[in-house]
Amino acid sequence: QVQLQESGPGLVKPSQTLSLTCTVSGGSITTNYYYWSWIRQPPGKGLEWMGAIAYSGSTYYSPSLKSRTSISRDTSKNQFTLQLSSVTPEDTAVYYCARNQGWGMSFDYWGQGTQVTVSS
């Protein structure tokens, strides 16, 4: 069974870069035809898809975050990473990694989520 787990600092200062890692077990991030996404939920708001990296290594980003977002992977560790630059308190949220089933915005496996607070 596929499991995903987020890790990284829970507190980031404004203007710095937020970096999170998702470790995947029970399935390879290079296996056809899945996409590996980052999703966040600010307090009191809904889920926001941020971007994804495909089994092929291709990346996709939300237009509203594209300028600040970078997703990469380390296939030897079966991990993928989120970097969000120039953060502000508006980036405070619970951050999730999740597997996309391929077609459409559907997700079958999720990490437990990790709280990230942007504050000085």
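The values are calculated or read from the model by the stated rules, or taken from the named source; none is laboratory data. These figures come from a predicted structure and were not determined experimentally. Note that each Cβ is placed from the backbone with ideal geometry, even for glycine, and that neighbours are counted across all protein chains shown. Just so you know, the surface numbers come from the protein's heavy atoms only, side chains and all, with ligands and any DNA or RNA stripped out. Shrake-Rupley method; radii C 1.70, N 1.55, O 1.52, S 1.80 Å.
So what are the ³J(HN,Hα) numbers for segment 85-97, from phi and the Karplus equation (6.51, -1.76, 1.60; θ = phi - 60°), rounded to whole Hz, Gly and Pro as x? Coupling constants for segment 85-97: 8, 6, 6, 10, x, 5, 8, 4, 5, 8, 9, 10, 9 Hz.
Within the shell defined by Cβ-Cβ distances under 15 Å, the residues around LEU65 carry a net charge of +1, with Lys and Arg each +1 and Asp and Glu each -1. The fraction of accessible area contributed by carbon and sulfur in the chain is 48 percent, rounded to a whole number (1.4 Å probe; ligands and nucleic acids excluded). Counting only protein heavy atoms and using a 1.4 Å probe, the accessible area of THR117 comes to about 50 Å². Using θ = phi - 60° in the Karplus curve 6.51 cos²θ - 1.76 cosθ + 1.60, the 3J(HN,Hα) couplings for segment 102-110 round to x, 10, x, 8, 10, 10, 9, 10, 10 Hz; x is entered for Gly and Pro.
Heavy atoms only, 1.4 Å probe, whole protein assembly: order TRP110, TRP49, TRP103, TRP38 by accessible area, highest first.
Numbers: TRP110 100, TRP49 65, TRP103 235, TRP38 0 Å².
The residues order as TRP103, TRP110, TRP49, TRP38, largest area first.
Electrostatic bookkeeping for ALA52 treats Lys and Arg as +1 and Asp and Glu as -1; over the other residues with beta carbon under 14 Å from its beta carbon, the sum is +2. Computed from label points 7 Å out along Cα-Cβ, the spacing between SER70 and PHE107 is 2.3 nm.
Suppose accessible area is computed on protein heavy atoms with a 1.4 Å probe; arrange SER85, SER56 from highest to lowest. Could the numbers behind the result be given before it?
Values: SER85 35, SER56 70 Å².
Ranked list, largest accessible area first: SER56, SER85.
Summarising the label geometry, the points placed 7 Å from Cα in the beta-carbon direction at SER15 and SER85 lie 1.5 nm from one another. Karplus-derived 3J(HN,Hα) values for segment 68-74, using 6.51 cos²θ - 1.76 cosθ + 1.60 with θ = phi - 60°, are 10, 10, 9, 10, 9, 8, 10 Hz; glycine and proline are entered as x. Computed from the Cβ-Cβ distance with R0 of 25 Å, the FRET efficiency linking SER58 to SER28 stands at 0.95. Specify whether the C-alpha gyration tensor of segment 1-45 places it in the rounded, prolate or oblate class, a ≥ b ≥ c being the square roots of the eigenvalues: rounded for a/c under 1.5, otherwise prolate if a/b is larger than b/c and oblate if not. Since a/c reaches 1.5 and a/b is larger than b/c, the shape of segment 1-45 is classed as prolate. Projected label points at VAL94 and LYS45, each 7 Å from Cα along the beta carbon direction, are separated by 1.6 nanometres.
What does the accessible area per residue of the chain come to in Å², with a 1.4 Å probe and no ligands, DNA or RNA counted?
On the way: 6220 Å² over 120 residues.
I get 52 Å² per residue for this part.
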